[in-house]
Amino acid sequence: MKTRIEKDSMGSLEVPENALYGAQTQRAINNFPISDEAMPRPFIEALLLIKNAAAQANQELGCISAAVANAISDSCQLLSSDPLLMDHFPVDIFQTGSATSSNMNANEVIATLASRALGDEVNPNDHVNFGQSSNDVVPSAIHISAALQIQDQLLPALEHLQATIETKATAVAGYCKTGRTHLMDAMPVRMDQQLLGWASQIRQNREHLEALLPALQQLAQGGTAVGTGVNTHEQFAALFAQRLSSLTGYSFSPCHNRFAAIGSQDTAVAVSGQLKTTAVSIMKIANDLRWMNSGPLAGLGEISLEALQPGSSIMPGKVNPVIPEAAAMAAAQVMGNDTAISVGGQSGNFELNVMLPMIAANLLKSIGLLTSTSRLLADKAISSFSVNEAKLTEALHRNPILVTALNPVIGYARAAEIAKQAYREGRPILDVAVEGTDLSREELAVLLDPQKLTEGGL
């Protein structure tokens, strides 16, 4: 590989000839051969937005020239529009805890392109990073990238999942099934009632995520190294937020307290906690689907999920619930990411959190996993499953727990005796109740009607 020599404050070293980055990025590549996984693209795009907005603000404040500012802005837009240029952001997730290496990686790449366009030197530190520090840039990038991904990707995916569930609930409203508590037979429910419970879970998760967006859209930018705002214009933070809002179409503002924004990651931890809750909801729905689909002969067999692929390399004809299984695994990973983020949030030592790149990467991974999983679960499991009505009806009318409806008429103790006899003899509860009460078959048929029992009341 052909190389060139680049210099920084620590000396000279070789950099690949065609790389847009410089010495500090190369040092990070050499120092952190850990995961072979670079920072997620949404985080890099957030860095580019920050550098673009900062250049515009600094030019307006007279801190850098219009020519330099325009070259920086144009370079940021070029990088954002060309996926191939993302190869020039190779720094490993597991790096210095402030993610200084990623900040300097962005500064160097932008400076290279801006210098070429301008025909004059644009310096990574003195121009691209003017009035900034990794310590306020990276916390801001975490908030910006998460806010954009949640609003542009995750919330629409959750809306799609909720709408798909609600549509399916309408389609299956005529089916009544055995309810289950502790995995044991319980009182009847309608299938639409079950699905609308899922839809409500997703709706609540959406609302809770939306409630966190105002905190995510408050930024540390302008606090520089420790929160005091040293080395940046006193009007920079407000003007930066205005320019960023114009670039993104979303409203961003300076944070209420820069020391909290730089020294902690409480908002990221809170967002991760809500992502975990969303994952818990998705795992519940996925597991319900798996149980309902189980069988088809020796399980519940209430529904048949869409057959997507062979389920066994040795058992011909076996088909597995692959989408709910994949969804459950993705949900488990989000829960694991939340644990890592929670540990990272505790690492705000004095004036700086020192697990920022790990927090950023896991937060964005969780958002991405939930986005993809929500759409997949909606389109390839919920919208396409069919109901096995015969299986539902067979189990429903043999369910001795229906006797619960007789409690107000014959009392709990007598009802329990009838239920035990029905279990013991394997007979429908209606037949046993006719023999064990003074009620007529017609009266009992009304009292024990499963559809009526799903409507509540005495």
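Tabulated data for the structure shown
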| read-out | value |
| --- | --- |
| Flag if residue 190 is touching a residue at least 12 places away in the same chain (Cβ under 8 Å) and open to solvent by 20 Å² or more (accessible area, probe 1.4 Å) | yes |
| Condition check for residue 154: at pLDDT 95 or above, under 26 Å from the mean Cα position of the chain (by Cα) and farther than 30 Å from residue 400 by Cα | yes |
| Positions within the stretch 93-128 being in a loop (DSSP other than H, G, I, E, B) and open to solvent by 20 Å² or more (accessible area, probe 1.4 Å), in sequence order | 94, 95, 96, 119, 120, 121, 123 |
| Hits in the stretch 296-316 - residues which are hydrophobic (A, V, I, L, M, F, W, C) and open to solvent by 30 Å² or more (accessible area, probe 1.4 Å) | 297, 298, 300, 307, 308, 314, 315 |
| Qualifying residues in the stretch 193-202 (those that are open to solvent by less than 60 Å² (accessible area, probe 1.4 Å) and of a type in the set (A, V, I, L, M)) - the one nearest to residue 300 (Cα to Cα) | 195 |
| Selected residue [in a helix (DSSP H, G or I), within 18 Å of residue 46 (Cα to Cα), at pLDDT 95 or above and touching a helix residue (DSSP H, G or I) at 6+ places or on another chain (Cβ under 9 Å)] from 165, 144 | 144 |
| Count of residues meeting criterion [closer than 16 Å to residue 55 by Cβ, small (Gly, Ala, Ser) and part of a loop (DSSP other than H, G, I, E, B)] in the stretch 220-257 | 1 |
| 3 or more residues out of contact with any strand residue (DSSP E or B) (no Cβ under 9 Å at 6 or more places or on another chain) and open to solvent by less than 40 Å² (accessible area, probe 1.4 Å): qualifying helices (runs of 4 or more DSSP H) within the stretch 365-458 | 412-425, 429-436 |
| Options 17, 6; residue that is surrounded by 14 or more Cβ atoms within 10 Å (Cβ to Cβ) and farther than 26 Å from residue 361 by Cβ | 6 |
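Okay, residues lined up against (1) in a loop (DSSP other than H, G, I, E, B); (2) in contact (Cβ under 8 Å) with a residue 12 or more places away in the chain; (3) over 25 Å from residue 217 (Cα atoms); (4) hydrophobic (A, V, I, L, M, F, W, C):
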{"site": "46", "(1), (2), (3), (4)": "no, yes, no, yes"}
{"site": "50", "(1), (2), (3), (4)": "no, yes, no, yes"}
{"site": "56", "(1), (2), (3), (4)": "no, yes, no, no"}
{"site": "59", "(1), (2), (3), (4)": "no, no, no, no"}
{"site": "64", "(1), (2), (3), (4)": "yes, yes, yes, yes"}
{"site": "68", "(1), (2), (3), (4)": "no, yes, yes, yes"}
{"site": "72", "(1), (2), (3), (4)": "no, yes, no, yes"}
{"site": "75", "(1), (2), (3), (4)": "no, yes, no, no"}
{"site": "80", "(1), (2), (3), (4)": "no, yes, no, no"}
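Yes or no, residue by residue, for (1) open to solvent by 40 Å² or more (accessible area, probe 1.4 Å); (2) charged (D, E, K, R); (3) modelled with pLDDT of 95 or more:
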site	(1), (2), (3)
237	no, no, yes
248	no, no, yes
260	yes, no, yes
265	no, no, yes
271	no, no, yes
274	no, no, yes
288	no, yes, yes
294	no, no, yes
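The values are calculated or read from the model by the stated rules, or taken from the named source; none is laboratory data. A quick note: this is a predicted structure, and the numbers were derived from the prediction, not measured. Positions of Cβ are backbone-derived with ideal geometry, glycine not excepted, and every protein chain shown enters the neighbour counts. Each accessible area value is taken on the protein alone, full model and side chains, heavy atoms only, with ligands, DNA and RNA left out. Shrake-Rupley method; radii C 1.70, N 1.55, O 1.52, S 1.80 Å.
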